[in-house]
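The values are calculated or read from the model by the stated rules, or taken from the named source; none is laboratory data. Just so we're clear, the structure is a prediction, and the values are computed from it rather than from any experiment. Cβ coordinates were reconstructed from backbone atoms using ideal geometry, including for glycine residues, and neighbour counts include every protein chain displayed.
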Amino acid sequence: MVTIILLSTFICIAGGVMAIYWLLFRPVSATAQRLSDLDEGRAGVVAPSIEVSGMETLAARLAEPINKLVPPSAASAKKLQRELMQAGYRSPSAPAIYRVTQLFSMLFFPTLVLLVWTAMAYSLNEALLPALFAFGAGFLLPRFILNRLIASRKLRITWGLADALDLMVITMEAGLGLNAAMLRVCEELRPVHPDISKEFELANLEIRVGRERSEALRNLADRTGVEDLNSLVGMLIQADRFGTSIARAVRVYSDSLRTKRRQRAEQAAQKAAFKLLLPLGALLFPTMFIVILGPALLNISDMLGGGGGVTF
């Protein structure tokens, strides 16, 4: 039995390694190679080529049979692409990497549970329920990590938006236009708030290549998913459409955003006292009770047992 298990494990590992090697280094047909050369030539004329890492290439090749077997709907693919962009991953192969990672975790955790059960000489029937839990955990873990990354990036952008607007007000009142002010904000805030600096830079690049300012600003709001930035974009579009002073509108919004930021800080400080109750009740109070009431309980137990009491 042990020999069969070892032989099966070796065959599975060898097959997996060969499959990965074939996906990475499989020969390309002459037609595909010629089309790839034409695309690279055009890309070299229009824009500098983008280097693709080996992980992205592997994920893209692994995602091809997965997409053929379980093709994602257009709505779900678009939603996943937007969520990955809000998390900071803008690569075209990011959805493929996510799906491959999710599939790998769904297969890896149950396999790990089965191997542990086999190594501990337990019955495989008893490992069915833990394997199902491991399968569910492998399905939910990438989604949980993605949601945490999105929430963390949104929080960083929210906290850095007030500083960006203050700097934008100063630059616009000094005589710069909106595009030049956004570019200046990108340069100044890159070491402090790299997320919002990168988003402003992408919006400025979209405007420079010929896209309308309103469309570039809406794309900025969609890429971040931050409510405050969405409100700012709506205000900028309205101010640009009706010809009002953008600097004055940004100053008013900056003041309101600064007030909202202070209120959020006060709210977080008020929540801190309530959040401390659980660790205090679970860790500190039992220890205090043991230290304070422990000697008294020992004396009472000795007195009831006829030991005469112990003095502390």
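Worth a mention:
- Of the listed requirements (1) more than 27 Å from Ala94 (Cα to Cα); (2) in contact (Cβ under 8 Å) with a residue 60 or more places away in the chain; (3) touching a Leu at 6+ places or on another chain (Cβ under 7 Å), Arg184 misses just one: (2).
- Of the residues in the stretch 237-259, at least one is closer than 30 Å to Val226 by Cα, of a type in the set (Phe, Trp, Tyr) and part of a helix (DSSP H, G or I).
- The stretch 76-104, residues that are closer than 19 Å to Arg153 by Cβ, in contact (Cβ under 8 Å) with a residue 24 or more places away in the chain and among the polar types (S, T, N, Q): Gln86, Ser91, Thr101
- Of all the criteria given as (1) within 24 Å of Glu83 (Cα to Cα); (2) surrounded by fewer than 13 Cβ atoms within 10 Å (Cβ to Cβ); (3) of a type outside the set (D, E, K, R), the one not satisfied by Ala174 is (1).
- Filtering the stretch 154-203 to residues that are part of a helix (DSSP H, G or I) and β-branched (Val, Ile, Thr) leaves Ile157, Thr158, Val169, Ile170, Thr171, Val185, Ile196.
- Any hit, the stretch 56-73, residues being at pLDDT below 85, out of contact with any His (no Cβ under 9 Å at 6 or more places or on another chain), outside any loop (DSSP other than H, G, I, E, B) and under 27 Å from Ile196 (Cα atoms): yes
- Taking (1) β-branched (Val, Ile, Thr); (2) under 30 Å from Asp195 (Cα atoms); (3) modelled with pLDDT under 85 in turn, Ile207 satisfies each apart from (3).
- Selection from the stretch 204-236 of residues that are outside any helix (DSSP H, G or I) and more than 17 Å from Arg153 (Cα to Cα): Val209, Gly210, Arg211, Glu212
- Odd one out for Leu161, checked against (1) of a type in the set (A, V, I, L, M); (2) crowded, with 19+ Cβ neighbours inside 10 Å; (3) under 25 Å from Ser256 (Cβ atoms); (4) over 23 Å from the mean Cα position of the chain (by Cα): (4)
- Residue count for the stretch 249-273, restricted to those that are over 27 Å from the mean Cα position of the chain (by Cα), of a type outside the set (Ser, Thr, Tyr) and over 11 Å from Val169 (Cβ atoms): 2
- Residue match in the stretch 133-142 (condition: under 29 Å from Gln86 (Cβ atoms), under 10 Å from the mean Cα position of the chain (by Cα) and surrounded by 13 or more Cβ atoms within 10 Å (Cβ to Cβ)): yes
- Answer residue from the stretch 117-159, given it is modelled with pLDDT of 85 or more and small (Gly, Ala, Ser) and is farthest from Val252 (Cα to Cα) among those: Ala134
The rows are residues; the columns are (1) touching a residue at least 60 places away in the same chain (Cβ under 8 Å); (2) farther than 30 Å from Leu149 by Cβ; (3) surrounded by fewer than 16 Cβ atoms within 10 Å (Cβ to Cβ).
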position: Asp222; (1), (2), (3): yes, no, yes
position: Leu232; (1), (2), (3): yes, no, no
position: Gly243; (1), (2), (3): no, yes, yes
position: Arg248; (1), (2), (3): no, yes, yes
position: Asp255; (1), (2), (3): no, yes, yes
position: Lys271; (1), (2), (3): no, no, yes
position: Leu293; (1), (2), (3): no, yes, yes
position: Leu304; (1), (2), (3): no, yes, yes
